[in-house]
């Protein structure tokens, strides 16, 4: 089949590459000329393990191409995926649907045959119904269907998530649309990966509800971690004990400095705003948002306390600033709250992150950026682990301690144990929930 992907950002690019690897012919369209130029040169504008090689494989096979010309890309397309951004709208946190609506209208304006529009962008409930109305009003003679196919990709493991999904969610209104989408996903259907067909509204809600629930698990375990610190419990044991219950599961029960990234912050806010539109109080999700912000503040207090209550002129080495490992994504990362707060309290900051420097240098301009962990720690008063990159899991703790002026560690991802750190020359250590 020939598929058109509008939007060559994270979701659109990963989807386009993986669809082409299924054997479909895919054209990715984006108005960003520099991005398309990069992609046509085989360069990936984002960091995602394995994506560059898979992209090149399918470009070489003639199944994948990139352009800025929507009209050329639409020729003979069997389906059009809309995969543009839906950022949080300034002021109220609702999803900004400007790019989605513009993409749909522009595509509809040059559609020449029965067209299936498939929304892959994360959109609030009711959006696909509204898109259908907008297109029908603007082009009443156009025969088309609309479907909702939200993505569930984890940054850092997106290719595996696309090719081996827990489920594929599709909101449809016609048998024709269902048949086309079934054919698109046929390689997965043949391998017994579940495809759930629902209404448009159910598909939209599944996406937001899933992300809000996972964010709830993270905030919940972070609150329990705070309780463990007061009571003497060990959050790792508590998480393991909870996770062994099949009704709860072990995923997303790892205490840390709070959630971030491209999905959870904006999707929880958008769900709350959607609730307001329909006069439904999303009180649990609102509490999750507040809890997550409180967790970041608690991390600042923890670091300050470990430094003796005063950060003035203290040199702190931060290990990791992306919201999670295996990505260069800095969107709503806890570091964007924690690091500036430490600087405001008088600290001098050095940062090491394998990928975060790309965006981080612009977002955290007052910090020094280093490639070498031990050089960054030279004469510092504390090392703070904010992101659990593999590079930070097997540090030479003795060498690290000897390089520092004051060998203190705030392990905000619980990578190490207090016994191991202190036995290697550190004089103080703190973690989360232990």
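None of the figures in this text is laboratory data; all of them are computed from the coordinates on show. Keep in mind that this is a model prediction, so the values were computed, not measured. Using ideal geometry, Cβ is built from the backbone for each residue, glycine included, and neighbour counts are taken over all protein chains shown.
Odds and ends about this structure:
- Cα shape, the range 1-58, gyration tensor, a/c 1.5 rule: oblate
- One equal scatterer on each Cα of the range 200-434, no solvent, Debye formula: the resulting log10 I(q)/I(0) at q = 0.10, 0.16 Å⁻¹ is -0.48, -1.14.
- Efficiency of FRET between residue 76 and residue 213 - r from beta-carbon atoms, R0 41 angstrom, step 0.05: 0.55
- Gyration tensor (alpha-carbon) shape descriptor, the range 47-112, a/c threshold 1.5: oblate
- Coordinate range of the alpha-carbon atoms in the chain per principal axis, descending: 73, 48, 42 Å.
- Rg over Rh [alpha-carbon atoms, Kirkwood Rh] for the range 220-326: 1.03
- From its DSSP helices (H runs of at least four residues, each -39,500 (n - 2.57)), the chain gives a residue-normalised ellipticity at 222 nm of -13000 deg cm²/dmol.
- Estimated inter-spin distance, residue 234 and residue 137, nm [label 7 Å along Cα→Cβ]: 6.1
- With Cα atoms, 0 to 90° folded angle of helix 51-60 axis to the chain main axis: 30
- FRET efficiency estimate (nearest 0.05) - Cβ-Cβ, residue 290 to residue 178, R0 45 angstrom: 0.65
- Out of every Cα-Cα pair that the range 160-203 contains, those further apart than 13 angstrom amount to 53 percent.
- Value of D in µm² per second that Stokes-Einstein yields for the range 135-225, Kirkwood Rh from Cα pairs, at 37 °C (0.692 mPa s): 216
- Centroid-to-centroid separation of the range 296-362 and the range 187-211 [C-alpha atoms, Å]: 37
- In terms of the mean number of neighbouring beta-carbon atoms within 10 Å, the peptides 86-94, 178-186 order highest first as 178-186, 86-94.
- Evaluated at q = 0.10, 0.17 Å⁻¹, a Debye calculation over the C-alpha positions of the range 1-148 (equal weights, vacuum) places log10 I(q)/I(0) at -0.34, -0.94.
- Here the gap between residue 281 and residue 369, fully extended at 0.36 nm per residue and compared with their Cα-Cα distance, gives a gain of 27.3 nm.
- Degrees, to the nearest 10: 127-138 long Cα axis against longest axis of the chain: 40
- Between helix 335-344 and the chain there is an angle of about 40 degrees, using the helix long axis and the longest principal axis of the Cα atoms.
- Ranked list, fewest to most other Cβ atoms within 10 Å of each Cβ, for 213, 22, 162: 213, 22, 162
- Entry note, the chain: relative contact order of 12 percent, from Cα contacts under 8 Å with a spacing of 6+ residues.
- Pairwise FRET efficiency - residue 391 versus residue 418, Cβ, R0 = 30 Å, nearest 0.05: 0.90
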